[in-house]
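A.B. asks: One structure, as C-alpha cells, below. Some questions next.
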Amino acid sequence: MCGIMGYIGTRPAKQIIYSGLKQQEYRGYDSAGIALLDQSLSINKTKGDTASLNLQKLSDEATMGIGHTRWATHGEPSAANAHPHHFGDIVLVHNGIIENFEDLKAEIDTTKLKSQTDSEVLAALINLYFHSTKDLLQATQQALSRAKGTFGIITMSPKEPGALIAARRGSPVIIGVDDEQYYIASDPTALIDHTDRVVYLEDNQVAKLSKAGLEVYDLKMQVQSIAVEELEETERASKLEGFESYLEKEIYEQPTALTNTMRGRVSEDGSIVLGGPNLALEEMQAIKHILIIGCGTAYYAGFYAKYRLEEMLGIPVSVEHGSEFRYRYGAYDPEHTLAIFMSQSGETADTLASLHEAKRRRIMTMGIVNAVGSSLARDVDHGGIYLHVGVETSVASTKAFTAMVVALLMFGGFMANKLGQNQVLMRNLARELAMLPSEITSALELHKQIKKLAEELYDRHDWFFLGRGELYPVALEGALKLSEVAYAHAQAFPAGEMKHGPISLIDAKHVSVLLLPEDELLYEKGLSALQEIKARGGTVLTVSTRPKPSQSDYHVEVAHTGPHTDGLVMNACLQLLALEIAAKNKRNIDKPRNLAKSVTVE
Ligand code: F6R
C-alpha cells in the first residue's frame with residue numbers, strides 16, 4: 001500500500017510528482033504529501049487524497065522532489081502522519097512497515113518525533129547515520145541494514161542537494177530512466193507518460209540517482225549490475241467515460257474484458273491454447289495436486305475454480321489464503337504440486353510472500369495476474385496467464401475476479417487437453433466460455449430491476465449470502481463486495497451450514513441472498529434453506545437460473561448456460577446489488593473507507 005513518487009532532472013518537479021501520485025492513488029488515499037528541493041525545502045502534507053494538497057505552497061522551480069500517497073498502518077490518517085517525513089537533515093517517503101521501529105527508537109531522540117509513524121523513526125535513524133557519514137547513500141544503506149520489515153523508500157537531504165536515494169525490500173520500486181532525468185515510482189503506470197526504459201530494483205538494493213547517473217548497490221555497498229528494461233505494455237489509467245463510478249464502469253466492462261482474456265486462447269472445438277504457462281508435458285503429468293493461493297477476491301476466484309478444476313482434471317485442488325500459507329507447514333509434496341498464485345495487482349504482500357515460500361519449498365509456481373510486469377508476474381518459475389482486462393481502478397475488484405475464474409478454467413481445459421482427458425467436457429467448457437460475455441451482458445440488462453431492489457433494501461444492515469458448490473464462493477464474493485463498498489454487515493455461508501448456527505441471527509430485518517443453481521438436487525436443497533429462513537421471519541432474495549420460488553420475497557432470474565459459468569453470471573448481479581446499495585447510501589464507491597487497492601503490507 002502507499003504510493004511513492006520521486007523525480008530528479010531538468011524540468012519542474014511539482015506537476016510530475018503530483019500526477020505520478022494521482023496515478024498511484026489507488027494504493028492508498030487517506031493522506032498525501034510532496035516535498036521539493038531547490039535552494040530551500042518546501043513541503044506540503046494533508047489528510048485526505050492528493051486533491052487536498054496545496055500545491056501553491058510548493059516551489060515552481062525545483063527540479064527534484066519526492067511524494068507519497070498513504071494508507072495508514074502506524075498512526076491515524078493526519079497531516080502529521082502523512083509523508084514526506086522531515087527529520088533533521090533527512091526527508092523521506094516510505095511504503096511498507098518497519099517492524100522493529102520501537103526497538104530503533106532507543107537510538108534516536110524521540111522527543112523530536114512529530115508523528116506516530118514507523119517511517120519517521122526510520123528517517124531519524126538515517127539522520128543519525130548521516131551525521132556520522134556525511135553521505136546520504138551510506139546513511140540510508142546503514143539504517144536500512146538495521147531495519148526489519150518491508151520498505152520501498154526514497155530519501156533526499158537539503159545538505160546533499162542533487163541526489164535521490166531509493167531502496168526496496170518487499171515493496172516495489174521502479175526507476176524510470178530518461179536523458180538526464182530519473183523518475184521513481186511504486187507502480188509503472190506513474191512512469192508511462194515519461195519513459196519506457198525502466199530499472200526494477202530488487203530486494204535489498206539501494207540506488208543513488210544524480211547528475212552523475214544511476215548507481216545501484218546492495219546493503220553492504222557492493223556495486224550491483226543495472227539492467228535497463230523496456231517497460232512492458234503497461235496500461236494507462238482509464239477515464240470514467242460517462243459512468244458515475246469506476247466500479248460501475250468496470251462491472252460493465254466485463255463482457256469486453258472477458259473477450260480479451262479469452263482472445264486467441266479458446267476455440268469452440270474445445271481446444272485451449274495458452275502461451276504463458278511454461279510447463280513441459282512431463283511436468284504436467286507429474287502434477288498430482290494443484291494449490292491456488294490468493295487474497296480476498298483473488299482467493300474467492302480460486303475457490304470457485306477449485307470445484308470445476310477437480311472435475312476436469314480428477315486431482316485435488318486446494319485453495320489457501322496468501323496470509324495463511326506463508327506461515328503454515330502445509331504438507332505439499334513439491335515434486336507433484338503446482339501452486340498457482342492469483343493477483344490483480346501482482347503486488348499483494350501476502351501473496352508474494354507465499355510465492356517466495358513456495359519457491360523455497362521447491363514447489364512449481366505459476367501466476368494468474370492482471371498487472372503486466374508486476375512483482376508476482378516476474379517472480380514465478382513457470383510463467384502463467386495475464387488477464388488482459390485493462391486497469392482496474394475501483395478499489396473493489398470486479399472484472400479481475402471474473403477473468404481470474406476464466407483464466408483458471410482455461411488453464412484446467414489446457415491441462416486436460418494436454419493430458420488427453422474427457423473431450424466432451426472440454427467442448428462444453430469451451431462452449432460455455434464462448435457464451436459468457438453475452439450472458440454477462442444479459443445479466444447487466446437487469447440493472448434497473450436490481451436498482452429497484454436496492455432502493456427497497458438499502459437500509460438493511462445485516463445480510464447473509466448463501467450458496468452451495470461453486471455458488472458458495474460466489475456468495476463469499478457477494479458478501480465481500482457488499483460489505484466493502486456499502487459498509488453493510490454481510491457474511492457468507494454454505495447454504496447447508498445455516499442450521500448449524502448462523503440461523504440464530506435471522507430476524508425480520510435480516511436479508512438472506514440465496515443463490516439457487518440449475519442442478520435439480522442442489523436446487524431442492526436450496527429451497528429447504530429458503531423455507532427455514534422464511535419460517536423465522538427473514539427476508540429472502542433469491543438469484544437463480546430458475547423462476548421465482550413462491551416463498552422468496554425478491555427474485556433475480558438469470559439465463560442458464562452451464563455449470564462452469566452460471567455462477568459468474570449471478571456474480572454480476574451481486575456486483576450490481578453492492579454498487580446500487582452503496583450508491584443509495586452515498587458511499588465513496590471507488591475508494592471505500594479504510595481500504596486500498598494494492599495491499600503491499602502484511
Ligand atoms: C476486494 C478486493 C481485495 C483484493 C485483494 C487481493 O474487492 O479488491 O480483496 O482482491 O486485496 O488483491 P490482488 O488481486 O491485487 O492480489
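The values are calculated or read from the model by the stated rules, or taken from the named source; none is laboratory data. Here the structure is a predicted model, which is why all the values come from computation and not from measurement. Note that each Cβ is placed from the backbone with ideal geometry, even for glycine, and that neighbours are counted across all protein chains shown. The accessibility values were calculated without ligands, DNA or RNA, using every heavy atom of the protein model including side chains. Shrake-Rupley method; radii C 1.70, N 1.55, O 1.52, S 1.80 Å.
A.B. asks: Could you work out the relative contact order of segment 325-405? I mean the mean sequence separation of Cα pairs under 8 Å and 6+ apart, divided by the number of residues, in percent.
C.D. replies: 26 percent
A.B. asks: Which sequence of 432, 253 reflects their accessible areas, 1.4 Å probe, from the largest down?
C.D. replies: 253, 432
A.B. asks: Does segment 444-512 come out rounded, prolate or oblate, given a ≥ b ≥ c as the square roots of the eigenvalues of its C-alpha gyration tensor, rounded meaning a/c under 1.5 and, failing that, prolate meaning a/b above b/c?
C.D. replies: oblate
A.B. asks: Nearest 10 degrees, 0 to 90: what angle lies between the long axis of helix 349-360 and the longest principal axis of the chain (Cα atoms)?
C.D. replies: It is inclined by approximately 90 degrees.
A.B. asks: Still on this model: For helix 118-133, what angle does its Cα long axis make with the longest principal axis of the chain, in degrees from 0 to 90 and rounded to 10?
C.D. replies: 30 degrees
A.B. asks: What list of ³J(HN,Hα) values in whole Hz, one per residue of segment 210-226 in order, does the Karplus curve 6.51 cos²θ - 1.76 cosθ + 1.60 (θ = phi - 60°) give from phi, with Gly and Pro shown as x?
C.D. replies: 7, 4, 6, x, 10, 10, 10, 10, 8, 6, 9, 6, 7, 5, 10, 6, 10
A.B. asks: Right, here's the next one. Accessible area per residue, 1.4 Å probe, Å², for the chain: what's the number? Intermediate values should be presented prior to the final figure.
C.D. replies: Details: 22780 Å² over 602 residues.
Accessible area per residue: 38 Å².
A.B. asks: May I pose another question? What is the set of long-range amide H partners of residue 79 at a cut-off below 5 Å, with H atoms built 1.01 Å from backbone N?
C.D. replies: 47
A.B. asks: Related question: Can you send over the carbon and sulfur percentage of the accessible area for the chain, probe radius 1.4 Å, protein chains only?
C.D. replies: 48 percent
A.B. asks: Whose amide H sits under 5 Å from the amide H of residue 205, counting only residues 5 or more places off or on another chain, with H placed in the peptide plane?
C.D. replies: HN-HN under 5 Å from residue 205: 168.
A.B. asks: Same structure again: How big is the charge dipole of the chain about its Cα centre, in debye rounded to the nearest 20, if each Lys and Arg gets +1 on its Cβ and each Asp and Glu gets -1 on its Cβ?
C.D. replies: Once rounded to the nearest 20, the dipole reads 820 debye.
A.B. asks: Hey, another quick one. Starting from the residue with the highest accessible area, list 40, 354 in decreasing order, probe 1.4 Å.
C.D. replies: Numbers: 40 70, 354 0 Å².
Ranked from most to least accessible, the order is 40, 354.
A.B. asks: Determine by what factor the alpha-carbon radius of gyration of the chain differs from 2.2 N^0.38 Å, reporting the quotient. Spell out each step's value before the answer.
C.D. replies: Values: Rg = 25.3 Å, N = 602, 2.2 N^0.38 = 25.0 Å.
Expressed relative to 2.2 N^0.38 Å, the Cα Rg reads 1.01.
A.B. asks: Whenever you get a sec, line up 573, 295 from highest to lowest accessible area (probe 1.4 Å, protein heavy atoms).
C.D. replies: 295, 573
A.B. asks: Something else about it: Using only the alpha-carbon atoms, how far is helix 471-486 inclined from the longest principal axis of the chain? Give it as 0 to 90 degrees, nearest 10.
C.D. replies: Roughly 50 degrees, rounded to the nearest 10.
A.B. asks: Once every DSSP H run of n ≥ 4 in the chain is given -39500 (n - 2.57) and the sum is divided by its residues, what mean residue ellipticity at 222 nm do you get, rounded to the nearest 500 deg cm²/dmol? Present the calculation step by step, with values, prior to reporting the outcome.
C.D. replies: Details: 17 runs with 207 residues, N = 602.
Counting only the DSSP helices, I get -10500 deg cm²/dmol.
A.B. asks: Just going by the charge dipole of the chain, with Lys and Arg at +1 and Asp and Glu at -1 on Cβ, which of 165, 122, 386 is farthest out on the positive end?
C.D. replies: With unit charges placed on the Cβ atoms, the residue in question is 122.
A.B. asks: If you don't mind, another one. Of 112/208; 14/57; 306/525; 499/534; 239/584; 114/134, which pairs sit farther than 19 Å apart, going by alpha carbon to alpha carbon? Walk me through the intermediate numbers first.
C.D. replies: Numbers: 112/208 27 Å; 14/57 11 Å; 306/525 21 Å; 499/534 13 Å; 239/584 23 Å; 114/134 24 Å.
Violating the 19 Å limit, Cα to Cα: 112/208; 306/525; 239/584; 114/134.
A.B. asks: Just to check I understand the Karplus step: with θ = phi - 60° and J = 6.51 cos²θ - 1.76 cosθ + 1.60, what whole-Hz values come out for segment 511-519, glycine and proline as x?
C.D. replies: Whole-Hz 3J(HN,Hα) from phi for segment 511-519: 10, 10, 9, 10, 9, 10, x, 6, 3.
A.B. asks: Could you work out the mean projected area of the convex hull around the alpha carbons of segment 3-234, in square nanometres to one decimal?
C.D. replies: Computing the convex hull of the Cα atoms and averaging its projections yields 11.0 nm².
A.B. asks: Take every Cα pair under 8 Å in the chain that's 6+ residues apart, average their separations, divide by the length, and report that relative contact order as a whole percent. Write down the numbers at each step before the final one.
C.D. replies: Details: 1431 pairs, mean separation 72.0, N = 602.
Worked out over the chain, it gives 12 percent.
A.B. asks: Something else now. What is the Cα coordinate range of segment 238-439 on the first, second and third principal axes, sorted by size from largest, in whole angstrom?
C.D. replies: That gives 51, 40, 25 Å along the principal axes, largest extent first.
A.B. asks: Give the accessible area for residue 602 in Å² (nearest 10); use a 1.4 Å probe, count only protein heavy atoms, and leave out ligands, DNA and RNA.
C.D. replies: Its accessible surface works out to 110 Å², give or take rounding.
A.B. asks: Within a Cβ distance under 15 Å of residue 286, other residues only, what is the Lys/Arg minus Asp/Glu net charge? Could the numbers behind the result be given before it?
C.D. replies: Values: positive: 288, 362, 418; negative: 282, 283, 333, 335, 381.
Every neighbour counted, the sum reads -2.
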